[in-house]
Structure formats: C-alpha cells, structure tokens
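Report on the following structure.
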Amino acid sequence: MLNRLVTSGLALAGIVLAAAPVSAQDARFGKSDGSFRYFAGIGMANIKAGEYVYSGNRKISQLDWESKGVKTGTIGGEVDIGYAWRLKGRLDVGLGGDGYMEDWDWLSTSYSGWTHQSLHPDTELDRYINVLLEAERALVDTGATRLGVGGGVGYTNVKWTARGGSYIYSDVTLHDTVGDFADGEKGISYEQRIPTLFLSANAEQRIGALTLSGVVRGGAALGYKGVDDHWMRDLRFTDTMDLAPMMGATVTADYRILPSAAIYVGGDFQQIFKTRGDARVRNTVTGASGSFDDGAATDYQSIMMTAGVKGSF
C-alpha cells in the first residue's frame with residue numbers, strides 16, 4: 001500500500017512543481033537564511049528480510065523474517081551551508097515490536113518440494129536502526145520551489161530472535177517427523193548490517209503554509225552482511241554479500257502553524273535487492289569453521305509512516 005503512496009506522492013509533488021504559482025510572499029519565506037531546521041516524530045514500520053542458502057545454483061534453505069506495525073521514533077535536521085548546498089541527517093529507531101519467521105529447506109533432490117519446515121510465531125524484533133546523511137545542492141531555488149541533486153550514505157541494522165515454534169522434518173520419508181520446540185527456547189537469531197552509498201534527487205514546493213517535498217535515492221549496499229546464530233546447534237553463519245542495488249524514497253507534507261513551527265506527515269520506503277555472497281560457518285563451542293563461496297543471499301525492505309513536528313532556530 002505504501003509503495004503506491006510513495007509513487008502517488010512523488011507524482012503529486014511533480015505536478016505541484018510544474019503547476020503551482022510562486023508568489024512574492026512565498027519566495028521571501030522560503031529563502032535560505034542559514035537557520036537550522038529540525039524535526040521529531042513517531043511512526044509505524046513494516047520490516048522484512050530474506051536469508052538464503054545455496055549449493056551451487058540450487059537453493060537449499062530460505063528464512064523469511066518479518067515485523068509489522070513496529071513503533072518507531074524519528075529525529076533529524078537540515079542546515080543550509082551556502083552556495084546552494086544543504087546538509088541533511090535523519091535517525092530512525094525501533095521502539096519494540098513482534099515478528100514472525102518461516103524456515104524452509106530443500107535438502108533432497110529426491111522430492112520436488114520442500115523437505116523441512118519450521119514456523120516461529122514467537123519472534124521478537126531485537127533492534128531496528130536506520131541512519132541517513134545527505135548533502136544536496138539546489139539547481140533551482142526560487143524560495144518557494146526548490147529542485148536539487150545530491151548524494152549521501154546510510155546505515156541500517158536490524159535483528160530478530162525466533163523462539164519456540166513448530167517443525168515438520170523429513171528424516172526417513174517425506175514429512176515424517178512433526179513436533180514442537182519448547183516454548184521460549186531460543187532457536188535462531190538473525191542480524192543484517194547494511195551500509196549504503198546513494199545519489200538523490202530532491203523536490204520541494206511551498207504553497208502558503210503547506211510544503212510538499214520528495215526525495216528519491218538510488219545506489220548500492222557496500223559491505224552488506226548477515227549474521228545468523230543457530231543456538232541449538234552452536235553455529236554462527238556470517239554472510240558477506242556482493243554489491244547489492246538499493247533504492248529508496250521519502251515523501252513529506254508539512255503545515256506551518258507558527259513562523260518557526262510546523263506539523264508533518266511522511267512516508268519512507270527502502271529496498272535492498274537480493275544479492276549473492278560468500279558464507280562462513282563457525283562452531284561457537286569448538287571453534288571449527290568452514291566457508292562456502294557464493295553460498296548465501298540476502299534481501300531487505302522497509303516501509304514506514306511517520307507524523308511529528310518541525311521547528312527552526
């Protein structure tokens with residue numbers, strides 16, 4: 001749903017930029033004065049990540065991690081530093097949330113479908129942190145209308161832990177072993193660490209007290225890693241991904257209620273596309289280890305809605 005909202009918001013921003021008149025009053029209000037502008041808000045996010053294991057080109061395992069309705073807190077700011085340049089920063093933090101994990105295996109070529117499955121409704125989102133830093137330069141700035149390009153860096157860290165759950169395994173024949181893990185027993189933890197580098201295009205339009213803005217980002221995840229702890233087996237899998245394409249978008253509408261204060265609503269989308277990489281496994285008790293070239297893959301997606309206040313000084 002938010003994918004459509006992001007697309008519609010950017011389209012609306014484009015229409016406004018093309019059609020809205022620029023008044024002298026708007027231009028005076030919008031001129032850069034070197035002031036620092038800040039914002040703070042709360043929101044909700046849907047976050048999901050995929051974890052994959054390969055033997056050659058054959059997928060032998062897939063773990064789907066997801067949290068919906070995660071409560072989030074957001075703070076950020078921006079400052080004009082002269083010569084049409086603007087610096088921006090934002091921090092999003094998860095304030096707690098539940099999740100769900102499904103684990104599927106295809107361990108035998110004797111069967112056409114999956115051989116092992118486990119479901120984990122008792123999955124907790126341990127951590128969600130998202131940071132964006134961007135430098136943007138205006139190509140057009142009339143005071144009311146601003147169009148710019150820029151670039152920046154980002155970092156996302158997300159981690160889940162799955163406990164308990166049920167399983168269906170294939171020990172002798174297909175799906176012949178069915179059971180449950182003990183309630184609360186720690187099964188698997190999974191963390192993704194995602195540094196990104198991106199270019200951006202920015203648009204902003206002021207219409208009286210209302211400001212519409214949008215940013216689209218495109219780039220890549222560099223040094224993208226996944227860390228998987230199988231607690232019952234004393235194994236840690238560390239996946240180091242190849243270059244992963246990324247895209248993102250943010251749309252915001254704010255309404256000025258005081259000369260230096262406004263309220264806002266916004267939406268944010270980020271996608272890291274599936275990419276392959278190398279896997280390393282280590283026994284956390286004995287220290288024995290092994291590696292598998294091109295034996296792993298990951299992907300990631302987040303969708304967030306926020307509302308809050310903006311100010312300046």
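The values are calculated or read from the model by the stated rules, or taken from the named source; none is laboratory data. Nothing here was measured: the structure is a model prediction, and the numbers come from that model. Heads up, the Cβs are rebuilt from the backbone with ideal geometry, glycines too, and the neighbour counts pull from every protein chain shown.
So here's what we get for this one:
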item	result
Lone qualifier among Glu66, Glu51, Glu78 - being modelled with pLDDT of 95 or more and touching a Ser or Thr at 6+ places or on another chain (Cβ under 8 Å)	Glu51
Pairs with Cβ under 8 Å, 6+ apart, first in region 237-260 and more than 19 Å from Ser213 (Cβ to Cβ), second surrounded by fewer than 21 Cβ atoms within 10 Å (Cβ to Cβ) and hydroxyl-bearing (Ser, Thr, Tyr)	Met241/Thr275; Asp242/Thr275; Leu243/Thr275; Ala244/Thr275; Pro245/Thr275
Any hit, region 237-245, residues being surrounded by 15 or more Cβ atoms within 10 Å (Cβ to Cβ) and within 15 Å of the chain's Cα centre (by Cα)	yes
Test: residue in region 80-93 that is of a type outside the set (S, T, N, Q) and outside any strand (DSSP E or B)	yes
Number of the condition not met by Trp104 [criteria: (1) touching a Phe, Trp or Tyr at 6+ places or on another chain (Cβ under 6 Å); (2) of a type in the set (Phe, Trp, Tyr); (3) in contact (Cβ under 8 Å) with a residue 60 or more places away in the chain]	(3)
Scan of region 94-116 for residues that are surrounded by fewer than 17 Cβ atoms within 10 Å (Cβ to Cβ) and in a strand (DSSP E or B), ordered by number	Asp98
Hits in region 218-228 (condition: outside any loop (DSSP other than H, G, I, E, B) and touching a Leu at 6+ places or on another chain (Cβ under 7 Å))	Gly218, Gly219, Ala220
Single residue of Thr306, Thr240 found to be among the polar types (S, T, N, Q), at pLDDT 95 or above and more than 19 Å from Thr74 (Cα to Cα)	Thr240
Residue in region 187-205 that is surrounded by fewer than 17 Cβ atoms within 10 Å (Cβ to Cβ), in contact (Cβ under 8 Å) with a residue 40 or more places away in the chain and closer than 23 Å to Lys68 by Cβ present	no
Positions within region 145-169 being within 22 Å of the chain's Cα centre (by Cα), closer than 30 Å to Leu107 by Cβ and either surrounded by fewer than 16 Cβ atoms within 10 Å (Cβ to Cβ) or small (Gly, Ala, Ser) (or both), in sequence order	Ala162
Hey, Phe198 at pLDDT 95 or above, closer than 30 Å to Ala144 by Cα and aromatic (Phe, Trp, Tyr) or not	yes
Residue match in region 266-279 (condition: of a type in the set (Ser, Thr, Tyr) and within 18 Å of the chain's Cα centre (by Cα))	yes
Complete set of residues in region 138-170 that are part of a strand (DSSP E or B), touching a Lys or Arg at 6+ places or on another chain (Cβ under 8 Å) and farther than 19 Å from Glu191 by Cα	Ala138, Val140, Thr145, Gly148, Val149, Gly150, Gly152
